[in-house]
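Comments concern the structure below.
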Amino acid sequence: MSESIIELRGISKRFGPSYDAAARMARDIGSRFGRTPKNETVRAVDNVDLIVTRGEVVGLVGESGCGKSTLGRMVAGIMPPSDGEILFKGRDIASLPPDAAKDAKLKVQMIFQDPYASLNPRLRVADIVGEAPRIHGMIPAGQFDTYLDEQLRRAGLDPAFKRRYPHQFSGGQRQRIGIARALAVQPEFLVCDEAVAALDVSIQAQILNLFMDLRRDLNLTYLFISHDLGVVEHLSDRVLIMYLGRIVESAPSEEIFGRPNHPYTQALLSEVPRIEARKRRFTAIKGEIPSPIAPPSGCHFHPRCPSAMPRCASEAPTLKEVAPGHKSACHLNDAIM
Amino acid sequence: MSATLEVRNLRTHFFTRAGVVKAVDDVSFSVERGQVLGLVGESGSGKSVTGFSIIGLIDPPGRLTGGSILYQGEDLAKLSERDMRHLRGNRIAMIFQDPMMTLNPVLRIDTQMTEAVHAHVKTTNADARARARDALGMVGIPSPEERLNAYPHQFSGGMRQRVAIAIALLHNPDLLIADEPTTALDVTIQAQILAEVQKLTTDHGTALIWITHDLSVIAGLADRIAVMYAGRVVETGEATDVLDHPVHPYTHGLIGSVPSRNKRGERLRQIPGMTPSLLSLPPGCAFRTRCTHATSVCEQEPPTSEPSPGHTARCFHPIEGNAP
């Protein structure tokens, strides 16, 4: 068993409205007169466990609103979890002394979806990429320029352009700047949140190849978040399927694409347009992803599931192993066994 | 069978201060009744401008500088704005990429939909409302009667796009132009919308132009494919011909860069470089700077070859054999 680099234990994230004094008082008075205050809390991520081992590429797939970005942000340390702990190399980041916690956080970096919004338009490329290593004192002053050039070159950018501003670059090049910025602090773990979704197909292929080269050269570990199953299948060793804040299935790539177990995964995979498929009939999963403010009881997928049973509405299924390394959260698996 | 739409040598140029942008340059294709044409290309290839040219929504500094757009034998390029308004939204409709931009955020759905009905048919308010309700029902919006009273922000992205589609379908158009309508949507919602437009082509015989950069969607939907690069159609033909036996190196490259065509974990075939600026296109084949097959002859205007009937490509060095 190889070493775990990131481990999540019972991670949850809730977003609720923040009440000012007047609103709190109003709720308070309301409840005294027998009114139950409306529950407006969104459970974006609901009790997720995950272990990522060194060198692995884990794909995280789900529809918009399922909580995949929130989960990624918590792993990257941008957002604190409401519950649960995040372990970096076996140690809980929250309980580390400040210096060690900072080092651990630097080792986890994030690459964002929108290469236009994620770069400061008023900074030159040299400052965007160089700011973090300079502030953290990672590079001796005399070697700074060579270090910077090396970072840019590794991401496929010409160091001659380092005096330019982001608007002078195309979308694909901007994404490379974002990658160079993340790699400049020598991370071991990258969270890529829809990192190629905004790019044209030919540019997307260039960036995916870059990710694979970096993985090999720097021994990086990835959490690759995407709604594009084709991209995830190509890149990932293991795939997690998320639905309304919960992980419903987790398995090695070949296994999940070859033998999907959860009805949601099966429906999702059947909808993926594939270039091999010609002039097919499109069908649709019935209904839409429900609001996470009031998720359905029991198994969140039961109102849309073709094989739902009465039990599905009352009891939430847990992730159970259905084959070696293949876990699925569905009551149907109990019925068969 | 006669074509619903036949575009011949269409040129749409933008006369900007920095120079003339030839966004659409000598583009020809046709779509028959009930057929689906996939117009494929990357950003800046001119695929959206082609759609806007057909429906007559090119604003200055842009102008149609040549060619004809024959809709059921009538040239749309020569039509007066008044006559064009009779066709637009009625016989010819368009669905845009961003449903939030198509819908007016301060008007209720019923107002926007009945307005579109009254624009083309003399009828009572009650009848217009009934038509709007039926159109919403047709695109799979639950309880359409109540939803008519909602505002656009009360719908999710997929629902909003379905409202936009319902408006486009109000008059059962003969020609529908869809400009990347599912790019911003999840796969399950995309499948619902694809199912809707597919039904429309089979039930009403609507000719459909589906503009996209996503070859996987096109593979499942289109009868014919036209691949655009830098304002030109570089390859066109039956979907199976273009996808299985692509001839142009650009089409080859595009198909090769789709992840599922490659072995898992292996390097993707990539096209080096990026799409050129349309302001400073080199003479000859616009793809030659990125092409691995390019030779000095490519600085000339490439000839059109026809590897199989109905399948044409503009290239000096057509590739033989199967798709990558």
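The values are calculated or read from the model by the stated rules, or taken from the named source; none is laboratory data. Computed from a predicted structure; not experimentally measured. Neighbour counts are summed over all protein chains in view; Cβ atoms, including those assigned to glycine, are modelled from backbone coordinates with ideal geometry. Areas reflect the complete protein model, heavy atoms only, side chains present, ligands, DNA and RNA absent. Shrake-Rupley method; radii C 1.70, N 1.55, O 1.52, S 1.80 Å.
See the values below:
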| quantity | calculated |
| --- | --- |
| Criterion (within 30 Å of residue A:272 (Cβ to Cβ), touching a His at 6+ places or on another chain (Cβ under 7 Å), without any contact (Cβ under 8 Å) to a residue 40 or more places away in the chain and surrounded by 20 or more Cβ atoms within 10 Å (Cβ to Cβ)) met by exactly one of B:249, B:259 | B:259 |
| Residues (within 25 Å of residue A:82 (Cα to Cα) and either of a type in the set (Ser, Thr, Tyr) or in contact with a helix residue (DSSP H, G or I) (Cβ under 9 Å, 6 or more places away or on another chain) (or both)) located in the stretch A:20-37 | A:36, A:37 |
| Matching strands (runs of 3 or more DSSP E) fully within the stretch A:52-122 where at least 3 residues are within 14 Å of chain B (Cβ to nearest Cβ) | A:57-61 |
| Flag if residue A:202 is in a helix (DSSP H, G or I), at the interface with chain B (Cβ under 7 Å from one of its Cβ atoms) and on the phi < 0 side of the Ramachandran plot | yes |
| Any hit, the stretch B:249-271, residues being part of a helix (DSSP H, G or I), within 8 Å of chain A (Cβ to nearest Cβ), farther than 19 Å from residue A:209 by Cβ and modelled with pLDDT of 90 or more | no |
| Single residue of the stretch A:249-260 satisfying the filter (crowded, with 24+ Cβ neighbours inside 10 Å and either out of contact with any Pro (no Cβ under 9 Å at 6 or more places or on another chain) or in a helix (DSSP H, G or I) (or both)) that is nearest to the other protein chains (Cβ to nearest Cβ) | A:256 |
| Residues that are under 12 Å from residue B:270 (Cβ atoms) and open to solvent by less than 10 Å² (accessible area, probe 1.4 Å), drawn from the stretch A:200-229 | A:202, A:205, A:207, A:208, A:209 |
| Leading residue by the ranking (surrounded by the most Cβ atoms within 10 Å (Cβ to Cβ)) among those in the stretch B:221-245 that are closer than 14 Å to residue B:36 by Cβ and charged (D, E, K, R) | B:224 |
| Residue B:48 being under 14 Å from residue B:177 (Cβ atoms), part of a helix (DSSP H, G or I), within 13 Å of the chain's Cα centre (by Cα) and within 14 Å of chain A (Cβ to nearest Cβ) | yes |
| Residue match in the stretch A:187-197 (condition: buried (at least 19 other Cβ atoms within 10 Å of the Cβ) and touching a Cys at 6+ places or on another chain (Cβ under 9 Å)) | no |
| Selection from the stretch A:145-165 of residues that are over 21 Å from residue A:211 (Cα atoms) and either at pLDDT 90 or above or open to solvent by 70 Å² or more (accessible area, probe 1.4 Å) (or both) | A:145, A:146, A:160, A:163, A:164, A:165 |
| Test: residue in the stretch A:228-248 that is away from every other protein chain (no Cβ under 12 Å) and part of a loop (DSSP other than H, G, I, E, B) | yes |
| Restricting the stretch B:14-36 to residues that are more than 18 Å from the chain's Cα centre (by Cα) and open to solvent by less than 40 Å² (accessible area, probe 1.4 Å), the residue that is farthest from residue B:231 (Cα to Cα) | B:19 |
| Of the criteria (1) open to solvent by less than 50 Å² (accessible area, probe 1.4 Å); (2) closer than 28 Å to residue A:156 by Cα; (3) assigned to a helix (DSSP H, G or I); (4) among the hydrophobic types (A, V, I, L, M, F, W, C), which one residue B:218 fails | (2) |
| Among (1) crowded, with 22+ Cβ neighbours inside 10 Å; (2) in contact with a helix residue (DSSP H, G or I) (Cβ under 7 Å, 6 or more places away or on another chain); (3) part of a loop (DSSP other than H, G, I, E, B), the one test that residue B:191 misses | (3) |
| Selected residue [buried (at least 19 other Cβ atoms within 10 Å of the Cβ) and assigned to a loop (DSSP other than H, G, I, E, B)] from A:290, A:273 | A:273 |
| Residue A:176 vs. criteria more than 13 Å from every other protein chain (Cβ to nearest Cβ) and on the phi < 0 side of the Ramachandran plot | no |
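Conditions tested, residue by residue: (1) among the polar types (S, T, N, Q); (2) touching a residue at least 40 places away in the same chain (Cβ under 8 Å); (3) assigned by TED's automatic domain parsing to the domain that holds residue B:210.
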| residue | (1), (2), (3) |
| --- | --- |
| B:57 | no, no, yes |
| B:70 | no, yes, yes |
| B:81 | no, no, yes |
| B:84 | no, no, yes |
| B:114 | yes, no, no |
| B:121 | no, yes, no |
